[in-house]
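One structure is given here, and the rest of the page talks about it.
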């Protein structure tokens, strides 16, 4: 997985490659899907959600530029795999999940595997977590129609927000860096497809289902779970 799917497609952060190479991805999937744990595609979990394509997990993590000790807010826990990758980089992670059953399962899974430094909460991820702000990094695993203002405001100066933004069927993967109290710099990493982020600052609940897409012509990526009301699937488009 690391050589072909990650390093071979441009992932250069050796820390990300090492963490993902060591993490048992199959432990984050239901037993019936573990044979596809390392495929270059999304894989189903529960609640109609998926675990992301390895490349998407690696790319979004790389874009976040995580340093040891950083406080990271994840919107959309899903299986807990992305949170485990962040924790492997020595970040302190708070993850918000829409579905209580997914949150409970992820907590148990991380405990059994021995992953520390992750706190999982149930709530509306589109609102972020103001009580924990400012965050050194925020990563969102569902698509918003616009960048949620609460997430922008909860970002620390010098921090980064990685989020897919656009319509229901195609988005741009944005990287937003906060440079000052009222200064943010936004760049795009390209087209992606995620399921909608459902919540007060996201899409309405109605018709929020979506399917995994792909990036460029890169295979499928999907991401599990939803935070607050975030349902999530992701792929480069």
If we scan segment 35-49, do we find a residue that is closer than 28 Å to residue 154 by Cα and either touching a strand residue (DSSP E or B) at 6+ places or on another chain (Cβ under 7 Å) or buried (at least 18 other Cβ atoms within 10 Å of the Cβ) (or both)? yes
Number of the condition not met by residue 24 [criteria: (1) over 18 Å from the mean Cα position of the chain (by Cα); (2) at pLDDT 95 or above]: (1)
Just to be sure I understand, how many residues within segment 202-225 are in a strand (DSSP E or B) and modelled with pLDDT under 50? 2
Checking residue 34 against (1) over 25 Å from residue 190 (Cβ atoms); (2) at pLDDT 95 or above; (3) in a helix (DSSP H, G or I), the condition it does not meet: (2)
Cβ-Cβ under 6 Å, sequence separation 6+ or interchain: first residue in segment 127-144 and farther than 19 Å from residue 199 by Cα, partner assigned to a helix (DSSP H, G or I). Which pairs? 137/64
Where in segment 94-201 are there strands (runs of 3 or more DSSP E), lying fully within it, with 3 or more residues that are under 16 Å from the mean Cα position of the chain (by Cα), surrounded by 15 or more Cβ atoms within 10 Å (Cβ to Cβ) and at pLDDT below 95? 183-194
Six or more apart or on different chains, Cβ under 9 Å: which pairs go from a residue in segment 33-60 that's at positive phi to one that's surrounded by 24 or more Cβ atoms within 10 Å (Cβ to Cβ) and modelled with pLDDT of 95 or more? Could you list them? 47/102
Is it the case that segment 52-70 has a residue that's part of a strand (DSSP E or B) and buried (at least 24 other Cβ atoms within 10 Å of the Cβ)? no
For residue 85, state whether it is part of a helix (DSSP H, G or I), touching a helix residue (DSSP H, G or I) at 6+ places or on another chain (Cβ under 6 Å) and crowded, with 22+ Cβ neighbours inside 10 Å. yes
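The values are calculated or read from the model by the stated rules, or taken from the named source; none is laboratory data. Since we're looking at a predicted model, the values are computed, not measured. Here Cβ is always computed from backbone atoms with ideal geometry, including for glycine, and neighbour counts include all displayed protein chains.
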